[in-house]
Every structure is written in structure tokens, then in C-alpha cells.
1. Restricting attention to the stretch 73-86, does a residue exist that is assigned by TED's automatic domain parsing to the domain that holds MET121, in contact (Cβ under 8 Å) with a residue 40 or more places away in the chain and in a helix (DSSP H, G or I)?
2. What is the residue count in the stretch 29-59 for residues that are among the basic types (Lys, Arg) and buried (at least 16 other Cβ atoms within 10 Å of the Cβ)?
3. Please list, ordered by residue number, the helices (runs of 4 or more DSSP H) wholly in the stretch 96-172 having 1 or more residues that are without any contact (Cβ under 8 Å) to a residue 40 or more places away in the chain, surrounded by 12 or more Cβ atoms within 10 Å (Cβ to Cβ) and more than 15 Å from the ligand (Cβ to nearest atom).
4. With respect to SER89, is the statement that it is among the hydroxyl-bearing types (Ser, Thr, Tyr), part of a helix (DSSP H, G or I) and touching a residue at least 60 places away in the same chain (Cβ under 8 Å) true?
5. Filtering the stretch 6-17 down to residues that are open to solvent by 40 Å² or more (accessible area, probe 1.4 Å) and closer than 18 Å to SER40 by Cβ, which residue is farthest from the chain's Cα centre (by Cα)?
6. Out of all the residues in the stretch 12-19, is one or more part of a strand (DSSP E or B), on the phi > 0 side of the Ramachandran plot and out of contact with any strand residue (DSSP E or B) (no Cβ under 6 Å at 6 or more places or on another chain)?
7. Can you confirm whether the stretch 69-83 contains a residue that is loosely packed, with under 14 Cβ neighbours inside 10 Å, within 16 Å of the ligand (Cβ to nearest atom) and more than 16 Å from the chain's Cα centre (by Cα)?
Amino acid sequence: MFEAVTEAIVLDKIDQGEFDSRVYLYTKDFGRISAKITSSRKITSKLAGHFEPLKLVTARIIDKNGPLAVDGLSVKTGVKSGETVRIFSLVKELSAEGQRELPMWNFLLNLLEKGPENKSMVEALSLLGFDPAFARCDHCNGEKPNIFSADDLCFYCQNCASGVKLIDSYAI
Ligand SMILES: [Zn+2]
């Protein structure tokens, strides 16, 4: 049976069923994975409080009908920032599942420890394969688009963005 211990950054966590949770992790060894945690919302759970967004954890993961986090210890809590939460959400959606990528790991770890910088969103997009440096608005071909939409994976300028309803968009 697959079993691994890896450092992981908790990107997000959602409730599942009555007592379970699903955590979205960016791991050092396996890239992004989502893992189930059973009974994590019972007060008696020893994992409660460890697998929370913005935490760096040492996680033990086994494969039981998909990844299951069976053990975890939080090592560090990251710098709270809205921009970090937005970047985590972008990475959760657009990074390839199960693909080890050290540059992304190092970027996320740095983001967690030091908080975002001016260019953090640009760097995240570049690492995900959507480099904004030479991008143009996908709709009017205008230069220097300032919004990226994860709905259609397109860049928008302010003008074009104001004409449509973007559900999941990121200011660059
Ligand atoms: Zn445009």
C-alpha cells in the first residue's frame, strides 16, 4: 500500500459529509494532492487544527480509495494575507495534480513564510504556465492586461473585463 510522509502546505479545506473534510495540499514530494480526512470534525480528532489553510504540516498520507491523510502535525502557520489566499486558490485550481514541482513548492513556502510581494501573483501565474509578461488581452489584443480569469484561462484588460461576469478572476 502506498504510504508517504511529506511536507505539505494546506491550500484549502472543505467540509465533506457530517464529520469528514477534504484538504487541498501542495506537497514537497508529490505536488498538489487532495486528501480526505475522516472524522476530522469530531472534537476528539487528533488532526483537528493541524490541517488548516495557511499551515505548513508534516503529513502522513496513505492510499485508500484515493489519498487519505491519516496523520499530520502543523509545523508553522503562515503570514495571513488576502493575496496569499487568492494565490493558494489559483494554485489549487490550476496546478497539475500529483506532479512534483520544486520551483512551485519553493515559491509557496516563501509566500507562506514571508507574505506576498508586489509580483507574487505574476510569479504564481508564470509558474502555472500563464506568464503575464508578454500577454495581451485575449479579447481586444490590448497590451498589459491586468486581470487573469481562471474561468476561461484568459487575460483581460480592465475594459473588456467590465463587460463580462468573471466568477473566478485574479488581479495581476
Ligand atoms: Zn481588452
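1. So far as the stretch 73-86 goes, yes, one or more of its residues are assigned by TED's automatic domain parsing to the domain that holds MET121, in contact (Cβ under 8 Å) with a residue 40 or more places away in the chain and in a helix (DSSP H, G or I).
2. Going residue by residue through the stretch 29-59, those that are among the basic types (Lys, Arg) are 32, 36, 41-42, 46, 55.
Checking the rest, the ones that are also buried (at least 16 other Cβ atoms within 10 Å of the Cβ) come to 32, 36, 41, 55.
Result for the stretch 29-59: 4.
3. Working: elements: 102-114, 120-127, 158-162.
So the answer is 102-114, 120-127.
4. Details: among the hydroxyl-bearing types (Ser, Thr, Tyr): yes; part of a helix (DSSP H, G or I): yes; touching a residue at least 60 places away in the same chain (Cβ under 8 Å): yes.
Spelling it out, SER89 is indeed among the hydroxyl-bearing types (Ser, Thr, Tyr), part of a helix (DSSP H, G or I) and touching a residue at least 60 places away in the same chain (Cβ under 8 Å).
5. Ranking the candidates gives GLY17 first.
6. no
7. No, the conditions are met nowhere in the stretch 69-83.
The values are calculated or read from the model by the stated rules, or taken from the named source; none is laboratory data. Computed from a predicted model, the values in this text were never measured in an experiment. Virtual Cβ from ideal backbone geometry, glycine too; neighbours counted across all protein chains shown. Quick note on the areas: whole protein, heavy atoms, side chains included, nothing else; ligands and nucleic acids left out. Shrake-Rupley method; radii C 1.70, N 1.55, O 1.52, S 1.80 Å.
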